[in-house]
Every structure is written in C-alpha cells, then in structure tokens.
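A.B. asks: Starting off with a structure, shown below.
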C-alpha cells in the first residue's frame with residue numbers, strides 16, 4: 001500500500017528489512033537523529049543519499065522520488081539553503097533523459113523509460129518549487145526574490161538547450177581518450193555515458209570518491225586521461241578525493257586533469273573545488289558544449 005509521506009515510507013521499508021534506525025544510520029554514514037527526523041517528516045534526506053538509501057531499502061530511486069510528490073509532505077521538504085541542489089538535481093535528470101530519448105527515439109521501451117524518469121523528476125521539481133513558495137510567503141521581508149531568480153535561470157537554461165540540440169557533438173572528438181567519471185547516481189552515470197559516447201571517448205565509472213581514488217591508484221599512470229568529478233558523493237566526496245589524488249607519490253597520476261561536475265554552483269563551491277586542486281568547474285544541469293569545451297582544453301593541454 002502506498003504510504004502518505006516519504007518519512008512513513010522509509011520507516012515501513014526499514015521495518016520490512018528488520019533494521020533499527022541506528023543500523024540504517026550506520027549504513028548511510030549519518031546520525032541516528034537524522035534518520036529519526038526523516039521518519040517523522042521533520043527533515044529531508046540529502047538527494048545525494050537517495051541512490052544508497054534506495055539500495056539499502058531494496059527499492060529503486062524512482063520509488064523514493066514518487067513519495068516526494070505525495071500530498072502531505074511537509075513544507076520543510078525543501079530548505080531554502082538547499083534550494084539550488086534540490087532544483088538542479090531533478091532538472092539535470094530531465095534534460096539528460098530528454099536528450100537520450102531524442103537519440104533513441106526508435107527504441108520505444110527505452111524512450112518510455114526516459115519519459116517516466118522525466119515525469120517523476122518533473123513532479124518532484126514542481127513540488128520543490130511549491131514548497132519554496134510556501135516558505136517564501138511566510139518571510140517577513142517580501143523583497144527577497146532569490147527563488148524567482150532561480151526560476152528565471154531555469155527558463156534561460158531551457159532556451160539555451162534548444163539552441164544547442166543536435167549540435168553538441170560535431171566539434172568534439174575524444175577518440176582514444178579514457179575518461180573516469182566519478183558519480184554516485186545511476187541515472188547521472190547513464191546520462192554521462194550517452195553524452196560522452198558521442199565523442200568516441202572510452203568511459204569508466206566510479207561510484208564515489210573512494211572508488212575513484214582506488215581505480216586511479218590501481219591502474220597504470222597512463223590509463224586514464226581525465227577525471228570528471230562529482231562533488232557530493234557518499235563515503236568520500238569529490239573535494240577530498242581530489243586532495244588525495246594531488247598528493248599521490250606517482251607524479252603523473254597526481255597531475256591528472258580533474259574537472260568538477262556539480263550542482264553546487266555558488267562561488268564558495270567553485271573556490272573549494274579549485275583550491276582542492278581541480279582544473280575546471282562545470283555545473284549541473286550539464287550543458288554539453290561547456291563541459292566538452294573544458295574537456296577539450298585540458299585534454300589538449302595534457303597531450
């Protein structure tokens with residue numbers, strides 16, 4: 001039976017899996033208090049935890065996203081300070097799936113799968129905006145228009161996307177280059193695979209910063225040509241992974257080009273990425289021309 005809220009859904013699945021709140025918290029590397037708040041709908045899991053949370057509870061990410069659009073989800077679903085992340089993540093999925101559906105329009109089953117992801121992400125995005133509006137309406141200072149500025153940016157991004165559609169890949173040929181993509185969300189890995197496949201690059205994936213570091217250490221120095229690094233990942237985030245890469249004893253591995261690909265787009269986030277030793281910063285939703293230009297620059301400089 002469908003649960004009324006995300007919190008009750010998490011609690012139900014945890015019980016079915018015979019786990020205590022402490023056991024679930026340990027598996028997710030969060031506090032017991034955080035899980036307790038989620039289940040009481042007093043706060044909301046970071047969207048970056050959704051893939052791992054879904055795997056532990058034995059469901060897929062879409063199941064969890066479905067619960068986020070149910071009536072009854074509290075207004076604290078979206079906190080103002082997390083607004084950018086909560087808007088950009090589903091938007092990235094929407095734009096990526098739209099591109100993939102266009103590239104595979106002859107495969108009906110695949111297109112329907114992408115359309116389902118678009119619908120669920122769109123409903124989640126709409127609910128997020130509704131919640132932001134509720135919070136904004138309660139603010140004493142009615143002059144704060146941060147939320148509306150972000151909506152204006154979304155519209156601009158969609159307009160830019162239409163200009164570049166079907167023109168993304170012509171100027172870029174990364175044939176023979178091996179790119180390691182560090183990304184914890186499966187749907188984002190699928191989007192990255194489809195985008196990069198068009199350039200002839202060989203793509204491998206790491207599911208978090210720790211996995212990325214281990215893959216780089218394990219393989220020969222010339223094996224990878226570049227790393228595309230997400231910032232927010234479980235186990236080890238992209239910032240820490242980059243710091244550890246830059247101090248590796250193997251100087252060639254330590255100098256590998258690393259480009260941040262992140263939905264955290266504030267100036268402090270860019271600065272943190274660059275200070276950690278990253279060579280570039282691109283934002284989610286991904287605009288392929290911008291990403292490929294950054295890749296081309298550093299791959300050319302490397303060669």
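Taken together, the values in this text are just the output of simple stated rules run on the coordinates, not laboratory data. Treat the numbers as computed from the prediction; the structure is a model and nothing was measured. Glycine also receives a Cβ, built like all others from the backbone with ideal geometry; neighbour counts cover every protein chain displayed.
A.B. asks: May I have the convex hull volume per residue, in Å³, for the Cα set of segment 231-276?
C.D. replies: In segment 231-276, the Cα hull volume divided by residue count equals 67 Å³.
A.B. asks: Along its principal axes, what span do the Cα atoms of segment 178-302 show, with the longest given first and each in whole Å?
C.D. replies: Extents along the principal axes: 35, 34, 28 Å.
A.B. asks: Moving on. Evaluate E = 1/(1 + (r/R0)^6) for residue 214 and residue 26, where r is the Cβ-Cβ distance and R0 equals 22 Å; express this FRET efficiency to the nearest 0.05.
C.D. replies: Step by step, r from the Cβ atoms, then E = 0.50.
A.B. asks: Mind sorting 214, 249, 183 by how few other Cβ atoms lie within 10 Å of their own Cβ, fewest first?
C.D. replies: Ascending number of Cβ neighbours within 10 Å: 249, 214, 183.
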